[in-house]
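Here the structure is laid out as structure tokens; the discussion comes afterwards.
The values are calculated or read from the model by the stated rules, or taken from the named source; none is laboratory data. Fair warning: this is a prediction, and the values are worked out from it, not measured in the lab. All Cβ positions, even for glycine, are placed from backbone atoms using ideal geometry, and neighbour counts span all protein chains on display.
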Amino acid sequence: MSRPGSPGTQPGPERTLPVPTTGTAPAVPASPEQALAELHAGNRRFVTGAPRHPNQDAGHRAAVADGQHPFAVIVGCSDSRLAAEIIFDRGLGDLFVVRTAGHTIGPEVLGSVEYAVTVLGTPLVVVLGHDSCGAVQAARAADATGTPPVGHLCAVVDAVVPSLRRAAAQGVEDIDGIVDIHIAHTVEAMLDRSAVLAAEVAAGRCGVAGMSYRLTAGEVRTVAAVPARTVDAPEPAASAA
Ligand SMILES: [Zn+2]
């Protein structure tokens, strides 16, 4: 981590943004900061019971049929209570959503994130976790008993275990504290494993944030943030002879 700078001022890929078709549609964010602010604004509308359900009408559906320019990638837990467009009060074409149990990241997830950031020009990537996460609880139970789950659930548990180790090292034992550590760890892991994403952040075209959602209150909190231009550009990969 180095060189904190003024993020989002570097011109990104040229984009043709869809024109909102109703007077109530929010502005289309073009920078990581604007995108994060827009997510929080939508979540406040959802929490207070005053959602606008923007960009869900037939006119907007037709307007975005020829192309998409989502302003945020949401790498969220698959939990059925964590539907991104609902909790952020957005609509069609706004969010590029990738979901796995415990927001665990494998090659397909990273490839999807890289597609959104490099091809669609999406300026913000959010890791979205939540309290009482079943995937984190399953990992903790498997780790405590030494009994791995059957089938491919092992892959989810294995991906969460490093976060359990980090939480233990920090003396954090409550499940929701562990979840927040797992969210921050997922943010770091994405940047470590995706040189493409790290390069976009280093170039100022993208930011990454971790958010934690409260199931009962419906609120999101930002628990990790990597603003644009705050990571070093990755070393170029050695080219094949
Ligand atoms: Zn979960």
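Please find, within region 76-104, the residue that is surrounded by the fewest Cβ atoms within 10 Å (Cβ to Cβ) out of those that are over 11 Å from the mean Cα position of the chain (by Cα), aliphatic (A, V, I, L, M) and more than 14 Å from the ligand (Cβ to nearest atom).
Ile86
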TODO: For residues that are under 24 Å from Val47 (Cα atoms) and part of a helix (DSSP H, G or I), scanning just region 183-228, find the one that is nearest to the ligand (Cβ to nearest atom).
DONE: Ile183
- [ ] For Asp89, work out the one condition from (1) under 17 Å from Thr122 (Cα atoms); (2) modelled with pLDDT of 95 or more; (3) of a type in the set (Asp, Glu); (4) part of a loop (DSSP other than H, G, I, E, B) it doesn't fulfil.
- [x] (1)
Open item on the list: Show the residue pairs meeting these rules: Cβ distance below 6 Å; 6+ apart or different chains; first residue within region 50-68 and closer than 18 Å to Glu38 by Cα; second residue in a loop (DSSP other than H, G, I, E, B) and at pLDDT 95 or above.
Closed with: Pro51/Asp89; Pro54/Gly91; Asn55/Gly91; Asn55/Leu92; Asn55/Asp94; Gln56/Gly91; Gln68/Gly93
Open item on the list: Pairs please, first residue from region 154-168 and in contact (Cβ under 8 Å) with a residue 40 or more places away in the chain and under 15 Å from Asp180 (Cβ atoms), second anywhere and surrounded by 14 or more Cβ atoms within 10 Å (Cβ to Cβ) and hydroxyl-bearing (Ser, Thr, Tyr), Cβ atoms under 7 Å, 6+ apart in sequence or on different chains.
Closed with: Val160/Thr104
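Here is a check on your reading of the model: is Ile105 in a loop (DSSP other than H, G, I, E, B) and under 23 Å from Arg221 (Cβ atoms)?
The answer is yes for Ile105.
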TODO: Taking only region 116-134 into account, find how many residues are touching a residue at least 60 places away in the same chain (Cβ under 8 Å), more than 16 Å from the ligand (Cβ to nearest atom) and outside any loop (DSSP other than H, G, I, E, B).
DONE: 4
Open item on the list: With the requirement that a residue be exposed (fewer than 14 other Cβ atoms within 10 Å of the Cβ) and of a type outside the set (A, V, I, L, M, F, W, C), what does region 117-157 give you?
Closed with: Thr145, Gly146, Thr147, Pro148, Gly151, His152
